[in-house]
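A.B. asks: Pasting a structure here, questions to come.
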Amino acid sequence: MQRAGKPRWTVETSARDGELKARVQSLAASKLATALATHEKQSRAEAVARVFDEVVQSLGVDETRRAPSARPSRQSRRLKSGG
């Protein structure tokens, strides 16, 4: 019996991906652990967002090419609600 569906894609990873992963880990690991240890949900989310922004800035990522996040930021929700 044959399985339905399309065959899986093969994705080639490059050495650059490993370098990027190592660099992100060195920049974020300890700060992210501290942020995730924060008990209050709102403070934790803000701390994680700060770590993310710091890592993006440190890596020199072009903000215009960054993929949009799945959820709007807290600030943009506040602006839309008029608060």
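Every number here is computed from the coordinates shown, using simple stated rules; none is lab data. Note that this is a predicted model, so its numbers are computed, not measured. Cβ sites come from the backbone with ideal geometry, for glycine too, and all protein chains shown count toward neighbours.
A.B. asks: Do any trypsin sites (Lys or Arg not before Pro) in the stretch 1-30 lie in a loop, going by DSSP, with at most 12 other beta-carbon atoms within 10 Å of their beta carbon, and if so which?
C.D. replies: For trypsin sites (Lys or Arg not before Pro) across the stretch 1-30 that sit outside H, G, I, E and B with at most 12 neighbouring Cβ atoms in 10 Å, the list reads 3, 8.
A.B. asks: Report the gain in length on full extension from residue 58 to residue 38: 0.36 nm times residue separation, minus Cα-Cα distance, nm rounded to one decimal.
C.D. replies: Details: separation 20, 0.36 × 20 = 7.20 nm, distance 2.32 nm.
Stretched out fully, the residue 58 to residue 38 stretch lengthens by 4.9 nm.
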